[in-house]
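Structure first, commentary second.
The values are calculated or read from the model by the stated rules, or taken from the named source; none is laboratory data. None of the values given here were measured: they were computed from a predicted structure. With ideal geometry, Cβ positions are generated from the backbone for all residues, glycine too; neighbour counts draw on all protein chains shown.
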Amino acid sequence: MHNDWQSFLTSAGAQISDGRVIGFGDAAAERQATTGDIIADLSHFGLIAVSGQDAVEFLQGQVTNDVRLVDDNHSQLNSYCTPKGRILATFRLFHRDGTYYLRLPAERLAFVLKRLRMYVLRSQVRLDDASDMLARFGIAGPRAAALLGEALGTAVPDQTDAVLQTPDIAVVRVPGGRFECHGTPAALAALWQRLATQARPVGADAWMVTEIRAGVPHVLDATSEAFVPQMLNLHAIGGVSFRKGCYTGQEVVARMQYLGKLKRRMYLAHVDAPCPAPGTELFAAEIESGQGTGKVVNAQPAPQGGCDLLAVVLIEAVENGTPVRIGDADGALLQILPQPYEVDDLSTPEQKS
């Protein structure tokens, strides 16, 4: 976290631990506030900067989406896989001032940066930890677009993935009608102060509640290599391109899309219990003694009590109404909620057009 940005947040009442905003003094009230308008520091996400004349070509050969479509006005969800098509990281990719930025969970940054650097070879590309270069915060809620537009004095993007560039700030529209703002600490501090008069400041966990509601998955240390992109619905939310050509893991991902049968996919769900850790196994007694039922992807305490989560679940179990529990036969019952977007099959927007 940039020192100036951390100083500003502290002066605004933020409680910070290990570069993460824990909250602003009342975690329960902040969770309740997620049904309204909120602003949240996003330093729990790190940034990898990719620059140089071969940046596009390099990234194109490493990640699942078509990097050529990213420019100052368009961002995208993306993922980074092993040669076996297993996801090492999910991230948002955006471009500003000649540099591509991978915004990903901070706990995955060092691993991903080190691994990407292994493949630079003779490419004219530079990869840096840019987490302290740009400050960042998010705004969500029913009035998010109106509040942000009024504070900036200009219209904000009305389409998911679109980007507004100002001299000091990049504004990225993300799923769920929310926005991420990346920029200089001074510019973001001034913007935060204008927004905080009408949107409640909240901690990182409250923001992650909105990520779960929007159905946006984050691969963490505990779930690295646990999923292929289609299991996390990335083919349905614009995180995979099936036209771009070769990249690490492409053969496996493409085979699943065109020849395979997806047995598990991600669902939005709720349990009336404390939150399970990412990677926690799911159990269904009626499915092969419960083996292979699924895993928890992300989970956060819900405003109404209990826990909201994203979980990869055996599709057969969900469609048949088979009881699925957290951990074992005595675990909390998983309640499947309406999905925030349509996932009807393995066909993609590219194929349907």
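Summary table below
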quantity: Test set (1) without any contact (Cβ under 8 Å) to a residue 12 or more places away in the chain; (2) under 16 Å from the mean Cα position of the chain (by Cα) - LYS261 fails condition number; calculated: (2)
quantity: Output for the stretch 286-312, where each listed residue is more than 19 Å from the chain's Cα centre (by Cα) and touching a residue at least 12 places away in the same chain (Cβ under 8 Å); calculated: GLU286, ILE287, GLY290, GLY292, THR293, GLY294, PRO303, GLY305, GLY306
quantity: Within the stretch 39-133, strands (runs of 3 or more DSSP E) holding 1 or more residues that are modelled with pLDDT of 95 or more and under 17 Å from the mean Cα position of the chain (by Cα); calculated: 45-51, 76-81, 87-96, 99-105
quantity: Residue check for GLY176: touching a Gly at 6+ places or on another chain (Cβ under 6 Å) and either in contact (Cβ under 8 Å) with a residue 60 or more places away in the chain or crowded, with 17+ Cβ neighbours inside 10 Å (or both); calculated: no
quantity: Test result for THR64, among the β-branched types (Val, Ile, Thr), crowded, with 23+ Cβ neighbours inside 10 Å and over 21 Å from SER131 (Cβ atoms); calculated: yes
quantity: Residue satisfying condition, being over 24 Å from GLU107 (Cα atoms) and either buried (at least 17 other Cβ atoms within 10 Å of the Cβ) or touching a helix residue (DSSP H, G or I) at 6+ places or on another chain (Cβ under 6 Å) (or both), within set VAL70, VAL50; calculated: VAL70
quantity: Filter pass, GLU286 being of a type in the set (Asp, Glu) and either within 20 Å of GLY85 (Cα to Cα) or touching a strand residue (DSSP E or B) at 6+ places or on another chain (Cβ under 8 Å) (or both); calculated: no
quantity: Search result, residues across the stretch 291-321 that are more than 30 Å from ALA29 (Cβ to Cβ), touching a strand residue (DSSP E or B) at 6+ places or on another chain (Cβ under 8 Å) and surrounded by fewer than 18 Cβ atoms within 10 Å (Cβ to Cβ); calculated: GLY292, ILE315
quantity: Selected residue (criterion: farthest from MET133 (Cα to Cα)) from residues of the stretch 3-28 that are over 23 Å from the mean Cα position of the chain (by Cα) and among the acidic types (Asp, Glu); calculated: ASP26
quantity: The one condition in (1) touching a helix residue (DSSP H, G or I) at 6+ places or on another chain (Cβ under 6 Å); (2) at pLDDT 95 or above that ILE16 fails to fulfil; calculated: (1)
quantity: Among the candidates ARG115, ARG122, ARG108, ARG126, residue that is without any contact (Cβ under 8 Å) to a residue 40 or more places away in the chain and surrounded by 14 or more Cβ atoms within 10 Å (Cβ to Cβ); calculated: ARG115
quantity: Residue that is surrounded by the most Cβ atoms within 10 Å (Cβ to Cβ), among those in the stretch 238-282 that are of a type in the set (Lys, Arg) and more than 20 Å from GLY294 (Cβ to Cβ); calculated: LYS244
quantity: Boolean, ARG194 is more than 21 Å from the chain's Cα centre (by Cα) and assigned by TED's automatic domain parsing to the domain that holds SER43; calculated: yes
quantity: Residue in the stretch 163-183 that is farther than 21 Å from ASP72 by Cβ, at pLDDT 95 or above and among the charged types (D, E, K, R) present; calculated: no
quantity: Looking only at the stretch 1-13, and only at residues there that are surrounded by 17 or more Cβ atoms within 10 Å (Cβ to Cβ) and under 12 Å from ALA186 (Cβ atoms), the one that is modelled with the lowest pLDDT; calculated: HIS2
quantity: The stretch 1-30 residues that are outside the structural domain of HIS182 (by TED's automatic domain parsing), paired with ones that are at pLDDT below 95 and surrounded by 19 or more Cβ atoms within 10 Å (Cβ to Cβ) (beta carbon under 9 Å, 6 or more apart); calculated: none
quantity: Unique residue being out of contact with any Pro (no Cβ under 7 Å at 6 or more places or on another chain), assigned to a loop (DSSP other than H, G, I, E, B) and at pLDDT 95 or above when the list is ALA285, ALA273, ALA311, ALA269; calculated: ALA273
quantity: Subset of the stretch 158-175 (residues that are over 17 Å from ILE237 (Cα atoms) and among the charged types (D, E, K, R)); calculated: ASP168
